[in-house]
Structures are given as structure tokens and as C-alpha cells.
Amino acid sequence: MTTTNGIDGSYYYENRPKEQSNSGILGKDDFLRILIAQLQYQDPLNPMDDREFIAQMAQFSSLEQMTNMNSAIQQFVKQQTSQTLVQHSELIGKRVTWKRIIDIDEYRQKEELVENTVTSVRLETNGNVSIQLDSGRWISADQLVQVSGKTNHQEEAEGDVGDNAPDEQEG
């Protein structure tokens, strides 16, 4: 880019890189380009009406606010999604009861409650959390019915300690 009198031409609006939008929806940059084109090519003897110009500026302002709000909502959803994964990661090592649905035939199903220990969690591309059990099976977090703070190993260890405890002597 050449400079004239110390002014860099890349700062002019026309020289900004063009953003490609494949969605077919006009954005705030497109709206601003249209407004600038209207001002550049208007008839000097019959300029744009003040009311029309103010209305277009109000529309531009509304569009910009909606775009900013949309960006904020998208960022919020992204944060919520990552927090969901962190929350579910607290299940690792915990004993869970989950609902397994068994097809009896084409028209009937049976629900069965199964206990396992959680070994891993992952965030799916659709935003849902999947949980891996000690059996190697992956289930949806929606299938969980109950969470226990103890694993099988902890329950067995407590059972062993209780069985080996000396009997109380009456004195």
C-alpha cells in the first residue's frame, strides 16, 4: 500500500478487507456499505430526506445492538457448555445408578436400573455430556438416576474393616 503525505491508504473504509458471508444474511458492515453508497450517489439537487436518513441510522443502531447481543449470548452458551463438562467430571470415580432401556419386542420396552462406577466424561459435538462406565459402556447423562459418593472399592474396604473389627467386651 502506498502512502501519500504520511497517510496510509489502508485505513480508508474502501480498503478494508472484505468479510465473506456465506449465510446470505446482510450484516452491519453490509448495511453500512449500502448507506455509504446511498450518500455517495445521491442526487445533489435532491438529497436524501433527513427523516429517511435518521430512520436508517436507527435501523443500523438496532442491528448493531442485536449483533452484539447475539455474540454475548453465544459466548454465554459456550461457557455454560464447558461448565457442564466440568460439573460432570466430578462424577469420575463415583458409583452411579443409571436407567437401561431394554427392548422386549417391537412395541414394548423394559427399564432396568444398573450400577456402575464412572471412569470418564466427554462433551459431544451436540453439547450433550456422555459418561463412560467401568464396564466400558458410554451412556448419556440423562440416563443417570442416582449418584453415590462411594466406589465399589470403598464399599468393599469398609465392609472388610467392619468384619475384622474386634468384638466389644463387656466390662
Chymotrypsin sites (Phe, Trp or Tyr not before Pro) within the stretch 39-126: which are DSSP loop residues with at most 15 other Cβ atoms inside 10 Å?
41, 107
Cβ-based net charge around residue 81, under 13 Å, with every Lys or Arg adding one and every Asp or Glu removing one:
+1
Derived scalar couplings ³J(HN,Hα) [the stretch 73-79; Karplus, 6.51 cos²θ - 1.76 cosθ + 1.60; whole Hz; x for Gly, Pro]:
5, 4, 5, 4, 4, 4, 5
If the convex hull is drawn through the Cα atoms of the stretch 28-74, its volume per residue in Å³
45 Å³
Around residue 130: net Lys/Arg minus Asp/Glu count, Cβ-Cβ under 13 Å
0
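We did not get these values from a lab; they are worked out from the coordinates using the rules stated. Since this is a predicted model, take the numbers as computed values, not measurements. So basically every Cβ, Gly included, is an ideal-geometry build from the backbone, and we count neighbours across all protein chains shown.
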